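Heads up: the structure comes next, in C-alpha cells.
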Amino acid sequence: MFSKKKKITHEKFKLLKDYLDSRRYEDKIVFKEGIYTGGIKKGNLPYYGSFIENTTGNQYIGQYSFGVRHGFGRIIYAKGDYYEGEFNKSKLSGYGFYIFKSGVRCSGYFQDAERHGYSLESDGTGNTFEGETEKDIHVGYGILCFSGGSRYEGNFSHNEFHGYGTYYYADGATYVGSWWLGKRHGYGVLTCADGEVISGEFIDDDLPETNTND
C-alpha cells in the first residue's frame, strides 16, 4: 500500500541522536549570519557543531559538508517548532520528524523541506494520518483516523478523500465506493448501523434515491 523507501531504523536514529547529544564543541567562529561553535576543518569550514542565526534565533546542531548542513542534525526554531533528522544541502531531506509548537507531529520522509513520501502525522487532538504525501499534501493511499472514532482508508488528492475508499463511521455504519474531493460521489454502498444497505450513484454526498435494501 505504501511506497517502500530505505528508512533509518529506530536503532540507527537513536545512535545518531545519542552521538549528537554527546558532542562537545570547542572552536567558535563569528560569521555575519550568526555564531558557529564546533569542529572546524581547513579553511574555517564547519563539519559538526552548533550554529545560531542572528536574524531568526534558530539553532542548528549537527553535521556539515563543505560548510553547509548535510547529514544528520536538528533545528530548534525560535518560534517553537523542532525538527530532527536528515539534511541535504541545508534542506530538510530524508527521514526525520517535525514537531510544531501547536502540538502537531509529523514523522516520515522530507524532500526540500516538505513532507514527501510516507508520512505519519498527529494533530495533538487525537486525529492521525498515515500515508503518502507530496509537497506537504496528502495524495495517494492513506488512512485518516478521527478522535471521535470514525476512520477513512483509501485514496487522497489535495488532502481530500478522492477516488476509491472506505469510510467507517463512529456509529458502526460503513461506506465503500467512489469519492470526489471529500464527498461520496459515484457508485458506492452504504451499510447503515441498523443493517440497512443503500447502493447506487451518490451525487455530492447525497444518497441515491433507488436501490435501498432492508
Notebook entry, point to check: Near K89, which aspartates and glutamates are there with a Cα under 16 Å away, not counting those fewer than 8 places off in the same chain?
Noted result: D112, E114
Checklist line | Rg/Rh for the range 116-214, where both radii come from Cα atoms and Rh is the Kirkwood radius | finding: 1.02
Notebook entry, point to check: Can you list residues whose amide H is under 5 Å from N58's amide H, if they're 5+ apart or on another chain and H is modeled 1.01 Å from N?
Noted result: E53, A78
Notebook entry, point to check: Under the Karplus relation 6.51 cos²θ - 1.76 cosθ + 1.60, θ = phi - 60°, what is the ordered set of whole-Hz ³J(HN,Hα) values for the range 86-91, x standing for Gly and Pro?
Noted result: 8, 10, 9, 6, 6, 10
Margin query: Show me the trypsin sites (Lys or Arg not before Pro) within the range 118-197 that DSSP assigns to loop and that have at most 15 other Cβ atoms within 10 Å of their Cβ.
Written below: K135
Checklist line | Calculated FRET efficiency for the pair N159/T55, C-beta based, R₀ 45 Å, to 0.05 | finding: 0.90
Next item on the list: Calculate the dipole size of the range 81-120 relative to its Cα centre from +1 charges on Lys and Arg beta carbons and -1 charges on Asp and Glu beta carbons; express the result in debye to the nearest 20.
Entry: 60
Next item on the list: Name the residues whose placed amide hydrogens come within less than 5 Å of the amide hydrogen of D81, ignoring near sequence neighbours (fewer than 5 apart) on the same chain.
Entry: K101
Next item on the list: Please turn the phi angles of the range 111-122 into ³J(HN,Hα) values with the Karplus equation 6.51 cos²θ - 1.76 cosθ + 1.60 (θ = phi - 60°), one per residue in order, whole Hz, x for glycine and proline.
Entry: 9, 6, 6, 10, 5, 8, x, 5, 9, 10, 10, 9
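FYI, it's all coordinate maths here, none of it is from the lab. Just so we're clear, the structure is a prediction, and the values are computed from it rather than from any experiment. For neighbour counting, all protein chains shown are included, and Cβ atoms are generated from backbone atoms with ideal geometry for every residue, glycine included.
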